[in-house]
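The values are calculated or read from the model by the stated rules, or taken from the named source; none is laboratory data. It should be emphasised that the depicted structure is a prediction, and the values quoted were computed from it without experimental measurement. Methodologically, a virtual Cβ is constructed for each residue, glycine included, from the backbone with ideal geometry; neighbour enumeration extends over all protein chains shown. What goes into the accessible areas is simple: the full protein's heavy atoms, side chains included, and nothing from ligands, DNA or RNA. Shrake-Rupley method; radii C 1.70, N 1.55, O 1.52, S 1.80 Å.
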Amino acid sequence: EFLKSMPAVDCIYIDPARRDVKGKKTADLSLCSPNLLEIRDILLDKCNTLLIKLSPMFDITSALEVFPECAEVHVVSVKTECKELLLLVKKGFVGDVEVVCVDSTTNLTANKNEEFDTLISYSTPKGFLYEPNASIMKAGLFKTVAKRYNVAKLHPSTHLYTSKELVENFPGRIFKINRVTKVQKKEISDIEKANLSIRNFPGNVADLRKKLKLKDGGNVYIFACTLNDNSKVLIVCEKLGVRS
């Protein structure tokens, strides 16, 4: 009701409540309060620039379908955890949306067409393994990060990267690869405790941990994943650091 009577302004910032009528968290724009689908036209009628704050639960592609005038999407993460999405909507904007991944030390910016058109290389695991930070993962800039930091991807759907030489400024977790094995307990019989993760791999961590008879924790990191030839492997690593 207020929007109907308010004068036009330069910018509106809106942070809708992201819970439905039952108080449960929602990732549906129509269930936010206020309902963004109901007021989107009047919002854009009342301002030239609209900044919308959303939780990382929301799907970026779906949000852009509701707001095709969106010029920029900012994906904000802190200490490896994605915190929020910000949509910068400009009245009458037509063009490629710019995606900006932001965390404590690194910004990675690209537009959707650049990500789509980028050609990258794929490789078996080399000396080092990289896992992008939470904002890059949420934004889906999987090929952009490979090109910008000159690393090879393990598989189109395995969002892990590798290089022969260390890339110290890679935005995310960095590991030194100690060995690559088959997914069998006998291959890692010398390891009793490890931080186990799965990437583009069937099943879940709990079942795999039971199969491999591994306790949780310690200084060893094991990634169960699929390589570009569709083989399933365990990559045994030690963590070098996190650049987030």
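For every residue, the table says whether it meets (1) at pLDDT 95 or above; (2) over 14 Å from T124 (Cα atoms); (3) touching a helix residue (DSSP H, G or I) at 6+ places or on another chain (Cβ under 8 Å).
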residue	(1), (2), (3)
S163	yes, no, no
G172	no, yes, yes
I177	yes, no, no
I188	yes, yes, yes
K193	yes, yes, no
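When you scan region 70-83, do you find a residue that is outside any strand (DSSP E or B) and within 30 Å of N230 (Cα to Cα), even just one?
Yes, the conditions are met somewhere in region 70-83.
Restrict the check to region 68-77 and report whether at least one residue is of a type outside the set (G, A, S), closer than 20 Å to I12 by Cα and touching a Gly at 6+ places or on another chain (Cβ under 9 Å).
Yes, because at least one residue in region 68-77 is of a type outside the set (G, A, S), closer than 20 Å to I12 by Cα and touching a Gly at 6+ places or on another chain (Cβ under 9 Å).
Where residues in region 97-120 are out of contact with any helix residue (DSSP H, G or I) (no Cβ under 8 Å at 6 or more places or on another chain) and of a type in the set (S, T, N, Q), which of them is modelled with the lowest pLDDT?
Step by step, filter region 97-120, then rank; the result is T105.
Report, by residue number, each residue of region 84-110 that is in contact (Cβ under 8 Å) with a residue 40 or more places away in the chain and hydroxyl-bearing (S, T, Y).
S104, T105, T106
Please count how many residues of region 207-216 are open to solvent by 20 Å² or more (accessible area, probe 1.4 Å) and either out of contact with any strand residue (DSSP E or B) (no Cβ under 8 Å at 6 or more places or on another chain) or in a loop (DSSP other than H, G, I, E, B) (or both).
To start, the set of residues in region 207-216 that are open to solvent by 20 Å² or more (accessible area, probe 1.4 Å) comprises 207, 209-211, 213, 215-216.
Filter once more, keeping what is either out of contact with any strand residue (DSSP E or B) (no Cβ under 8 Å at 6 or more places or on another chain) or in a loop (DSSP other than H, G, I, E, B) (or both): 207, 210-211, 213.
Qualifying residue count, region 207-216: 4.
Could you grab me the full set of residues in region 84-93 that are closer than 15 Å to T49 by Cβ and either open to solvent by 40 Å² or more (accessible area, probe 1.4 Å) or not in a strand (DSSP E or B) (or both)?
Passing the criteria: K90, K91, G92, F93.
So which residues in region 224-244 are of a type in the set (S, T, N, Q), part of a loop (DSSP other than H, G, I, E, B) and under 22 Å from the mean Cα position of the chain (by Cα)? If you could, list the steps in order and put the result at the bottom.
Narrowing region 224-244 to residues of a type in the set (S, T, N, Q): 226, 228, 230-231, 244.
Next, only the ones that are part of a loop (DSSP other than H, G, I, E, B) stay: 228, 230-231, 244.
Scanning region 224-244 gives N228, S244.
For region 57-78, which positions are of a type outside the set (V, I, T) and crowded, with 18+ Cβ neighbours inside 10 Å?
F58, A63, F67, E69, C70, H74, S77 - these are the residues of region 57-78 that are of a type outside the set (V, I, T) and crowded, with 18+ Cβ neighbours inside 10 Å.
Kindly provide the set of residues from region 11-37 that are open to solvent by 80 Å² or more (accessible area, probe 1.4 Å) and over 18 Å from K53 (Cβ atoms), ordered by number.
Across region 11-37, the qualifying residues are V21, K22, K24.
Being without any contact (Cβ under 8 Å) to a residue 60 or more places away in the chain and closer than 11 Å to V236 by Cα is the filter here; which residues of region 144-181 pass it?
R179, V180, T181
Inside region 217-244, can you point out the residues that are of a type outside the set (A, V, I, L, M), closer than 19 Å to S189 by Cα and open to solvent by 10 Å² or more (accessible area, probe 1.4 Å)?
Passing the criteria: G217, G218, N219, Y221, K232, E238.
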